[in-house]
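The values are calculated or read from the model by the stated rules, or taken from the named source; none is laboratory data. Being a predicted model, the structure only gives us computed values, none of them experimental. Cβ coordinates were reconstructed from backbone atoms using ideal geometry, including for glycine residues, and neighbour counts include every protein chain displayed. The protein model used for the area step is the full one, side chains on, heavy atoms only, and it has no ligands, DNA or RNA in it. Shrake-Rupley method; radii C 1.70, N 1.55, O 1.52, S 1.80 Å.
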Amino acid sequence: MGYFQFEPPHLPPEAEEARTRVRAFLQAERAAGHYAPHRTSWSFYDEGFSRRAGQAGLIGVTWPKRYGGQEQSSLVRFVIASEILAAGAPTFAHWIADRQSGPQILAYGSERAKSTILPKICSGECFFAIGMSEPESGSDLAAVRTTATKIEGGWVIDGSKIWTSHAHHAHYLIALTRTGDAGEDRHGGLTQFIVDLANPGVTIRPIHNIAGEHEFNQVFFDNCFVADDMMVGSEGEGWDMVTRELAFERSGPDRFLSDFRLLAALIDRVGTDPDSRQAVEIGRLVAHLASLLRMSMSVAVLLNQGRNPVLEAALVKDVGTNFERDVPEVARRLVPVEPCVDAPGDPFAEALAQTILHAPSYTIRGGTREILRGIIARGLGLR
């Protein structure tokens, strides 16, 4: 029988110092008119913001100094990430690289990969996409059919990945590929590779979302060569690699702060004298948010210790994205507006309109609820 590990986290003084620093940076960004909090979120793409964040020392802060980092704890990064998310900053350009691809390369990449890629990530000049999901496989990563075939000096990749956010802007992605027999549990014969998206043999086709925006893509690999030293980990270790990567993807504050600006706008709109229903509903959301912050911070501690909190990360993601789906529904009940009519110039209506369009994706990206609850059930010994 398994169990959850959510030990009480304690922020070190350097984390609070980082909070002061990142708030000053964000205030300067808003004052300069670089973004409007109620119109953007972490999923918005802005290379200029990422470059300035890199110059301010806000990317890759946990990594060694020789690779451009600052050798800070994961709790310092957690505070920086939380503040950026809560501020509604357009941070997606560097987010994947900072959140999961960079740590994966640091832990399991070759020295060439570390020395050539990580410093550029830290400076806000190198961006990553995720190469996991495939057509007809959904969130079942064991069903991947993209292959990597060994040749002299490297590997040739054939297949495709789908729902690849901002691949048309990214420089690299880490692709999960099949290099051998899957075995009875289907977890064997998988290997990860760092793929340069400028390589011959890579084609990126757009997928427009319900908001009419080009965020998603399908990425095709046709005889795409990848050098031996762009393998992540060892051949056949891909399942372990990808589950470790998913712990970073699923456990962070981006899994429950995507629509924080809407919650803040809702509180501002209700004001200091809420009726009983408003007080109960908003109080419940704030209590849930406080719990999620603590849970996510606890996972950051486990990751800092070099552990692999797959179970805890799955729970944070499942509970967190359900919270994100709940926020716009509560907002609509408490403050009836017509987002399409009332939105221009109204921070609450604008935030609500934007959130309604994107909320359906919250419980899908990073793994569907069904997949996550299966992971949780197995981890607890219930199946």
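Annotation: T272 fulfils all but one of (1) over 21 Å from F92 (Cβ atoms); (2) open to solvent by less than 70 Å² (accessible area, probe 1.4 Å); (3) among the hydroxyl-bearing types (S, T, Y); the unmet one is (2). Suppose we keep only residues that are among the small types (G, A, S) and touching an Asp or Glu at 6+ places or on another chain (Cβ under 8 Å) within the stretch 102-113. Which one would you say is least open to solvent (accessible area, probe 1.4 Å)? Restricting to residues being among the small types (G, A, S) and touching an Asp or Glu at 6+ places or on another chain (Cβ under 8 Å), the top hit is A113. All conditions in (1) part of a helix (DSSP H, G or I); (2) within 22 Å of the chain's Cα centre (by Cα); (3) not aromatic (F, W, Y) hold for R307, with the sole exception of (1). The single residue among G88, G102, G124, G109 that is closer than 15 Å to V22 by Cβ and modelled with pLDDT of 95 or more turns out to be G124.
A167 passes every criterion in (1) open to solvent by 10 Å² or more (accessible area, probe 1.4 Å); (2) of a type in the set (A, V, I, L, M); (3) closer than 28 Å to W95 by Cβ; (4) part of a loop (DSSP other than H, G, I, E, B) apart from (1).
Restricting attention to the stretch 221-263 and to residues that are open to solvent by 60 Å² or more (accessible area, probe 1.4 Å) and farther than 19 Å from Q104 by Cβ, the residue that is nearest to the chain's Cα centre (by Cα) turns out to be R261.
Scanning the stretch 30-52 for residues that are among the hydrophobic types (A, V, I, L, M, F, W, C), crowded, with 16+ Cβ neighbours inside 10 Å and at pLDDT 85 or above yields a count of 2. Among the residues of the stretch 72-90, are any open to solvent by 40 Å² or more (accessible area, probe 1.4 Å) and without any contact (Cβ under 8 Å) to a residue 12 or more places away in the chain? The answer is no; no qualifying residue exists. Restricting the stretch 1-29 to residues that are modelled with pLDDT of 90 or more and open to solvent by 80 Å² or more (accessible area, probe 1.4 Å), which is farthest from A359 (Cα to Cα)? Taking the candidates together, the pick is P13. Which one is farthest from S165 (Cα to Cα) among residues in the stretch 175-197 that are within 26 Å of the chain's Cα centre (by Cα) and aliphatic (A, V, I, L, M)? This residue is L190.
Screening the candidates R383, R333 for the property of being of a type outside the set (S, T, Y), farther than 30 Å from V299 by Cβ and either modelled with pLDDT of 85 or more or surrounded by fewer than 20 Cβ atoms within 10 Å (Cβ to Cβ) (or both) yields one hit, R333.
Of all the residues in the stretch 184-198, those that are assigned to a loop (DSSP other than H, G, I, E, B), free of Cβ contacts under 8 Å to residues at least 60 places away in the same chain and open to solvent by less than 40 Å² (accessible area, probe 1.4 Å) number 2.
For the stretch 201-220, the count of residues that are at pLDDT 95 or above and assigned to a loop (DSSP other than H, G, I, E, B) is nonzero.
Residue by residue, here is whether (1) in a loop (DSSP other than H, G, I, E, B); (2) of a type in the set (A, V, I, L, M); (3) open to solvent by 40 Å² or more (accessible area, probe 1.4 Å) holds:
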| residue | (1), (2), (3) |
| --- | --- |
| A265 | no, yes, no |
| R277 | no, no, yes |
| K317 | no, no, no |
| T321 | no, no, no |
